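Read-outs: derived from the displayed coordinates by stated rules, not from any lab. If you're wondering where the values come from, they're calculated on a predicted model, not measured in any experiment. Quick reminder, even Gly has a Cβ in these numbers, built from the backbone with ideal geometry, and neighbours come from all protein chains shown.
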Amino acid sequence: MTTHHHDDQDRTTDDHQDLPLTDTTATSGGGCCGHTPQAEDLADADSDDVTECLVMAGTPVIKSHAEAEGLFRDYQDQRYWFCCAACGPLFDADPDRYANAA
């Protein structure tokens, strides 16, 4: 019998990779990187300017803030906004997975 052990130092996969699309409790702050809009910013935002991050479903995103920070991707004539910089590369790796969840 072979024992297989991985230390955190040897881990090469991204912590987001194995999260289900609906897991918003992975880290503190409710989002994947703890990056969620402030409650007052959400309250002040026009409802058309608020969406949900597709990578960390349930995490609110203010579109105008995400665009200002480059946290979006255009895919198949649709724009997708993200809660943090880590979500863009995850979307890039499998855009159909996230686009189809929208």
State the extension gain, in nm to one decimal, for the chain segment bounded by Ser64 and Glu40, taking 0.36 nm per residue of separation less the distance between their alpha-carbons. 7.1 nm
Percentage of interatomic Cα-Cα distances in the range 41-102 larger than 19 Å: 22
What residues have an amide H closer than 5 Å to that of Tyr75, excluding those fewer than 5 places away on the same chain, when H is modeled at 1.01 Å from N in the peptide plane? Tyr80
For peptides 59-68, 74-83, 36-45, sequence by mean Cβ density within 10 Å, most packed first: 59-68, 74-83, 36-45
Name the long-range amide H neighbours of Glu52: under 5 Å, sequence gap of 5 or more, or other chain; modelled H, no Pro or chain starts. Val61
Please find the FRET efficiency linking Ala93 to Glu52, where r is the Cβ-Cβ separation and R0 is fixed at 22 Å, and quote it to the nearest 0.05. 0.70
Per-residue ³J(HN,Hα) for the range 37-47, Karplus 6.51 cos²θ - 1.76 cosθ + 1.60, θ = phi - 60°, Hz, x for Gly and Pro: x, 5, 4, 5, 5, 5, 5, 7, 6, 5, 4
